[in-house]
Amino acid sequence: MGLLESFYDKSPIFFQNLMVSISGYLRNRTRYGKVYYEHREFLEKFDKLTLNEKLKIQEDKFIDFINYAYENSSFYKELYRDIDINSIKQMSDIKKLPIVDKEMIRANINQVNTVERMGAVEGHTGGTTGKSLVVLMTPEDMMKRMAMLDHFKSRVGFEHLKMKRATFNGKHIVPPNQKKKNFWRYNAACKQMIYSSFHLTEANMKFYVENLNKFQPDAIDGFFMSMCDVAGYIERHNIKLTFNPVAIFPTSETLTDSGRELLERVFGCKVYDQYASSEGAPFVTECEKQVLHVELASGVFEQFEENSDEVLVTSFTTHGTPLIRYRIGDSMTFDSDNTRCMCGMDSPIVKAIQGRKLDFLYTSDGAKINGGNVANLFKNMPNALIRAQTIQDEMNEITILLEVDKKIYKPEYDEMLEDEFLHKFGKGTKINIKHVDEIPREQSGKFRMIKNNVNSQK
Ligand SMILES: [Zn+2]
């Protein structure tokens, strides 16, 4: 624990709010400078272009970017040593460049990086696979990323810095020994109330809801599962909300259909999904019609192999740690080229984003069942389930942890659930159902519905 953190923990709450706001103002200086506003303006105009005009701009940006990497990163200079970089003249030439993966970047990180750590913004990849990577973004990269994100939100009516937002995240804002039921801090710099994901227990939930009603946010963002927990509580207890947000923007977790429906029902507004990893990947965002579009100004997505959904990314906002044809580990399915969206925006449509690699469970035959499908198996216990987690340590065994509302939960639900799982995973899979008072969260504060430990043991 740092000195500042221990000072924070010992301070009164009003002072903690002040510290959160000051750090917010300092962060804003690196996020909302000249480049941010210029990029917002650019994106505004970019949206109105035709697809061909957009592709041309994407191509120009791509060529600039690989030349930058070649000149400034000794890793790429070496990697491209047999390639005439001047022969890369159009988008299709991208295939001439070799593919890079996480291990290559990690093992050569100092040669990959084009800037010093000092003065750069760090991005950390999720450590679920045990391979954590710190990438560097220049302040300009960071500003462009913030501009992209805020532009996406503004398309559906939310203006960042002007409107109020409630954020559920994994920041340590509540000291461990705090007695008061005050699980939020206010960042005045962004009109943002930050709610701690670590303290979202059934007993604390009513304090969160009271505070949301008092704060009256215009949008809710952050951890999807945390929002679903709150929404589930509001619905089970039939609590009336006194505010009407314009949108909900979940981040960094795979959305489930049932969770999305729950949020939209409870908060009375639409949920807009986005894809952009902390490594600095290009963006895919949902438009007003809730259709996923590739943000062509942010980078390039390619299929890893024919007949594979896995993608390679080239991201224009990774000048510090350039990612070119990078195997990020995510999968997407793209719509055919001639489908146009009802929203009128002319850019490629993504049909689905599959979750992170570990976001699935194995059947007894070794097939993968993805997170969305697993979530569906819990559908038939109306409102009785507070939270569930599925854990797979061995191929033929799945443990289900259940946190239930004891007043509504019926004993026969266990059997029903086991049936559903056996049906999906095969009779060869052993299903253990355990009832617990509280399913622990990850260190990051995120809640994981699926913990697949099979791969990491190999
Ligand atoms: Zn659209």
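The values are calculated or read from the model by the stated rules, or taken from the named source; none is laboratory data. No experiment lies behind these values; they were computed from the predicted model shown. All Cβ positions, even for glycine, are placed from backbone atoms using ideal geometry, and neighbour counts span all protein chains on display. Note: accessible area is taken over every heavy atom of the protein model, side chains too, but ligands, DNA and RNA are not part of it. Shrake-Rupley method; radii C 1.70, N 1.55, O 1.52, S 1.80 Å.
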Looking only at the stretch 19-57, count every residue that is farther than 25 Å from Pro139 by Cα, assigned to a helix (DSSP H, G or I) and open to solvent by 60 Å² or more (accessible area, probe 1.4 Å) and tell me the total. 4
Within the set of pairs 6 or more residues apart or between chains, which connect a residue that is farther than 15 Å from Ala297 by Cβ inside the stretch 148-165 to a residue that is open to solvent by 10 Å² or more (accessible area, probe 1.4 Å) and among the hydroxyl-bearing types (Ser, Thr, Tyr) with Cβ atoms less than 6 Å apart? Val156/Tyr272
Determine which member of the set Ser154, Ser132 is of a type in the set (Ser, Thr, Tyr), closer than 22 Å to Tyr275 by Cα and at pLDDT below 95. Ser132
Candidates Phe198, Phe207, Phe224 - the one that is open to solvent by less than 10 Å² (accessible area, probe 1.4 Å) and closer than 25 Å to Val436 by Cα: Phe224
Which one is farthest from Arg325 (Cα to Cα) among residues in the stretch 53-82 that are hydrophobic (A, V, I, L, M, F, W, C) and touching a helix residue (DSSP H, G or I) at 6+ places or on another chain (Cβ under 6 Å)? Phe75
Every residue in the stretch 268-284 that is closer than 23 Å to Tyr208 by Cα and in contact with a helix residue (DSSP H, G or I) (Cβ under 7 Å, 6 or more places away or on another chain), please. Lys270, Val271
Return yes or no: is Glu403 in contact with a Lys or Arg (Cβ under 6 Å, 6 or more places away or on another chain), open to solvent by less than 60 Å² (accessible area, probe 1.4 Å) and either under 20 Å from Asn373 (Cα atoms) or assigned to a helix (DSSP H, G or I) (or both)? yes
Quick test of your reading of the structure: Glu302 fulfils all but one of (1) more than 22 Å from Ile450 (Cα to Cα); (2) of a type outside the set (Gly, Ala, Ser); (3) not in a strand (DSSP E or B). Name the failing condition by number. (3)
Turns out the strands (runs of 3 or more DSSP E) fully within the stretch 95-190 with at least 2 residues that are not hydrophobic (A, V, I, L, M, F, W, C) are 121-124, 165-169, 184-187
Does the stretch 342-350 contain any residue that is in a strand (DSSP E or B) and within 16 Å of the ligand (Cβ to nearest atom)? yes
Is the stretch 255-273 home to any residue that is more than 16 Å from the ligand (Cβ to nearest atom), part of a loop (DSSP other than H, G, I, E, B), more than 24 Å from Ser347 (Cα to Cα) and at pLDDT below 90? yes
Given the conditions (1) on the phi > 0 side of the Ramachandran plot; (2) crowded, with 20+ Cβ neighbours inside 10 Å, which single one is not true for Lys191? (2)
Selection from the stretch 332-348 of residues surrounded by 18 or more Cβ atoms within 10 Å (Cβ to Cβ) and of a type in the set (S, T, N, Q) yields Ser347
Among the residues of the stretch 325-334, is any farther than 14 Å from Ile94 by Cβ, assigned by TED's automatic domain parsing to the domain that holds Ile109 and in a loop (DSSP other than H, G, I, E, B)? no
Residue among Pro139, Pro175 that alone is more than 23 Å from Tyr233 (Cα to Cα) and open to solvent by less than 10 Å² (accessible area, probe 1.4 Å): Pro175
Out of the stretch 414-444, which residues are open to solvent by less than 90 Å² (accessible area, probe 1.4 Å), farther than 30 Å from Thr251 by Cβ and part of a loop (DSSP other than H, G, I, E, B)? Gly426, Gly428, Thr429
Quick check on Leu4: is it in contact with an Asp or Glu (Cβ under 6 Å, 6 or more places away or on another chain) and modelled with pLDDT under 95? no
Identity of the residue in the stretch 78-94, open to solvent by 70 Å² or more (accessible area, probe 1.4 Å), without any contact (Cβ under 8 Å) to a residue 24 or more places away in the chain and assigned to a helix (DSSP H, G or I), that ends up nearest to Asn52 (Cα to Cα): Ser92
Could you tell me whether the stretch 278-285 includes any residue that is over 22 Å from Ile94 (Cβ atoms) and either open to solvent by less than 20 Å² (accessible area, probe 1.4 Å) or within 15 Å of the ligand (Cβ to nearest atom) (or both)? yes
For the stretch 287-320 the number of residues that are without any contact (Cβ under 8 Å) to a residue 60 or more places away in the chain, of a type in the set (Val, Ile, Thr) and more than 16 Å from the ligand (Cβ to nearest atom) is 2
